[in-house]
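The values are calculated or read from the model by the stated rules, or taken from the named source; none is laboratory data. No experiment lies behind these values; they were computed from the predicted model shown. Because the Cβ atoms are built from the backbone with ideal geometry, glycine has one as well, and the counts that use them run over all protein chains shown. When the accessible area is computed, the model is the full protein with side chains, heavy atoms only, and any ligands, DNA or RNA have been set aside. Shrake-Rupley method; radii C 1.70, N 1.55, O 1.52, S 1.80 Å.
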Amino acid sequence: MRSDNVTKGVQQAPHRSLMNALGMTEEEKNRPLIGIVNSYNEIVPGHMNLDKITEAVKLGVAMAGGTPVVFPAIAVCDGIAMGHVGMKYSLVTRDLICDSTECMAMAHQFDGLVCIPNCDKNVPGLLMAAARLNIPTIFVSGGPMLAGHLHGRKRSLSSMFEAVGSVAAGTMSLEELQEYEEKVCPTCGSCSGMFTANSMNSLTEAIGMSLPGNGTILATHKNRIQLFKDAAHLIVENAMKYYEDGDDSVLPRNIATREAFLNAMTLDIAMGGSTNTVLHLLAVAQEGGVEFTMSDIDRLSRKVPCLCKLSPNTQKYSIQECNRAGGIFGILNELAKGGLIHKGVKRADGKTLGEQLEKYDITKSAVDEEADRIYRSAPGRKFSTKMGSQDEKWETLDTDRSEGCIRDLGHAYTKDGGLAVLFGNIAQDGCVVKTAGVDPALWHFEGPAKVFDSQEDACEGILGGKVKKGDCVVITHEGPKGGPGMQEMLYPTSYIKSMHMGKECALITDGRFSGGTSGLSIGHISPEAAAGGNIGKITDGDIIEIDIPDRTINVKLTDEELAAREQRPMTRQRTVSKALRAYAQSVSSADKGGVRIIE
């Protein structure tokens with residue numbers, strides 16, 4: 001065992017003495033030492049239940065013959081950090097989580113890790129650490145929040161930001177806003193909808209680092225407890241396989257291969273996940289030494305259809321409906337039928353993806369008992385003012401692939417998937433748009449630029465009437481280096497929507513968006529303005545052309561005109577802390593995942 005470095009031999013007597021101080025028995029010191037990364041805190045709704053999850057995992061590890069050792073990981077709630085200086089720190093925490101997990105695992109020589117994340121930066125940060133450490137690791141998240149319900153419609157956190165914009169626009173009262181506050185986020189868990197947190201938790205299933213159901217079983221459902229215990233047993237089993245049998249198929253780098261990353265991106269495109277997943281998958285791939293680039297994403301986006309639409313791309317379906325329709329494996333199964341998935345990749349559960357897809361195909365008449373249990377984990381009844389048939393519908397699995405939550409290839413929402421990569425003279429290295437949230441009327445856009453060099457100025461301009469229908473809002477110097485920190489910007493997109501310009505305006509930026517963003521919102525423009533990118537040369541009135549089907553984004557200037565322009569002087573005043581300055585000095589643009597470049 002790797003932990004022999006701290007538990008075996010004469011020289012390790014001081015180490016064992018310190019373990020005695022912890023109350024460890026001789027038997028515990030001789031078992032596999034399993035680190036449990038607990039992201040629990042009391043400020044993030046998606047993490048407030050992780051202390052209970054950790055106890056279940058500890059029990060499961062001990063029952064399986066391992067010794068559980070809990071240590072913490074920080075977490076930022078992007079919703080609470082949104083719209084003020086706090087959001088500049090969110091992406092920065094991804095590297096802190098990765099680094100601190102590496103430090104703890106290496107310093108104490110754990111034999112394996114159970115990662116218990118839930119929200120935006122914890123999942124990719126811990127995936128980066130797993131790839132870097134390359135010891136047996138399994139992920140089990142805290143689970144998604146139950147969707148809110150208000151005025152006969154499902155609601156999620158993005159509804160709150162739109163409501164704020166409606167108040168600012170004078171179309172909603174403060175009393176109505178308070179009602180939203182009270183009803184939109186009804187339980188613990190990662191915000192309901194295919195936002196960044198749920199997107200990343202879902203992608204761990206496709207990569208093979210978590211068990212089926214990890215991304216879609218609700219945080220409040222009893223079936224998630226079973227998932228925790230299953231993960232705990234599995235990590236002890238995998239540690240024994242590797243250290244005693246020499247089976248290296250259980251190591252993260254042999255699971256999260258190039259084919260696994262392609263599977264994850266294919267899934268993301270098919271379900272219209274958050275654009276942040278592009279940033280995070282690129283970063284995780286680099287930590288694992290996997291060749292995976294924006295060009296791969298571009299290629300996949302041209303052939304993978306959109307098979308599932310969830311909030312915020314639609315108000316009809318949320319995470320619980322996706323789970324009842326077969327969850328992430330339901331989407332993967334439909335993709336596999338079209339030959340769009342690599343089924344031979346290995347998973348942390350010891351199966352190939354193909355073997356697990358066969359087991360978890362709920363559209364078959366004979367449903368595997370475990371699959372039936374997992375995908376019946378919707379709430380007991382539908383939110384409805386009526387009792388009867390609507391409520392009874394929740395008691396059955398949703399296997400309709402023609403009009404249901406998850407569709408087959410023949411009934412896809414769109415031929416092209418939910419994400420697309422665009423290139424052009426203002427995004428030579430690419431940018432990303434969530435096409436699942438874009439009205440088809442905006443797939444071809446041409447309009448004059450209204451340029452701002454901060455999110456704050458953009459919000460003031462939108463609410464102050466500076467932006468008109470048909471304009472393209474351009475926000476510069478909000479990338480990883482320019483922000484610094486590449487803050488998410490849900491306010492400006494929500495304000496455009498609440499001002500009833502969501503179907504007429506575009507917004508482009510070298511920054512990024514929340515997974516709750518919809519509309520023609522294009523982020524991750526690379527190179528960013530702070531790195532000399534051409535987006536920093538755009539001025540008011542320049543005509544911006546966007547063609548999603550053709551995958552292009554350009555400013556209507558000749559190469560000579562663009563080359564002759566200087567970077568537009570930045571007018572904003574922003575205090576940058578020591579932590580953010582250190583981050584800015586080493587970070588890459590978004591097309592490289594916003595990873596630190598360390599010589």
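Helix 157-169 and the long axis of the chain differ in direction by around 30°, with both axes built from C-alpha atoms. Across segment 507-512, coupling constants 3J(HN,Hα) worked out from phi with the 6.51/-1.76/1.60 Karplus curve, θ = phi - 60°, read 9, 10, 7, 8, x, 9 Hz, and Gly and Pro carry x. Between ARG299 and VAL85, the simple spin-label model (points 7 angstrom out along Cα→Cβ) gives 4.5 nm.
For the chain, the solvent-accessible area with a 1.4 angstrom probe is 37 square angstrom per residue. Using only Cα atoms, tell me the angle between helix 276-287 and the longest principal axis of the chain; keep it within 0 to 90° and round to the nearest 10. Helix 276-287 and the main axis of the chain meet at about 50 degrees. Treating each Cα of segment 43-179 as an identical point scatterer and ignoring solvent, apply the Debye formula and state log10 I(q)/I(0) at q = 0.10 Å⁻¹. Debye output, listed in q order: -0.45. A simple count of charges around ASP416, restricted to other residues whose Cβ falls under 13 Å of its Cβ and scoring Lys, Arg +1 and Asp, Glu -1, yields +3.
Each Cα pair under 8 Å and six or more residues apart adds its sequence gap; the mean of these over the residue count of the chain is a relative contact order of 14 percent.
Based on DSSP H segments of at least four residues, each scored -39500 (n - 2.57), the chain has a per-residue ellipticity at 222 nm of -11000 deg cm²/dmol. Across the alpha-carbon atoms of segment 462-599, the computed radius of gyration and Dmax are 15.3, 48 angstrom. In this simple spin-label model, placing a label point 7 Å from the Cα along the Cα-to-Cβ direction at both MET570 and LEU150 gives a separation of 3.6 nm. Once the Cα-Cα distance is subtracted from the 0.36 nm per residue extended length, the LYS337 to LEU177 segment shows a gain of 53.1 nm.
The Kirkwood hydrodynamic radius of segment 32-111, based on inverse pair distances between different Cα atoms, is 13.9 Å. Scaled against 2.2 N^0.38 Å for its residue count N, the alpha carbon radius of gyration of the chain is 0.95. Other residues whose C-beta falls under 10 angstrom from the C-beta of PHE445 contribute a net charge of -4, scoring Lys and Arg +1 and Asp and Glu -1.
Across segment 187-194, computed HN-Hα scalar couplings (Karplus, 6.51 cos²θ - 1.76 cosθ + 1.60, θ = phi - 60°) run 9, 5, x, 5, 3, 4, x, 7 Hz from first to last residue, x flagging Gly and Pro.
Counting charges near THR539 (Lys, Arg +1; Asp, Glu -1) among other residues having Cβ under 11 Å from its Cβ returns a value of +1.
Of all DSSP beta bridges confined to the chain, the antiparallel ones make up roughly 45%.
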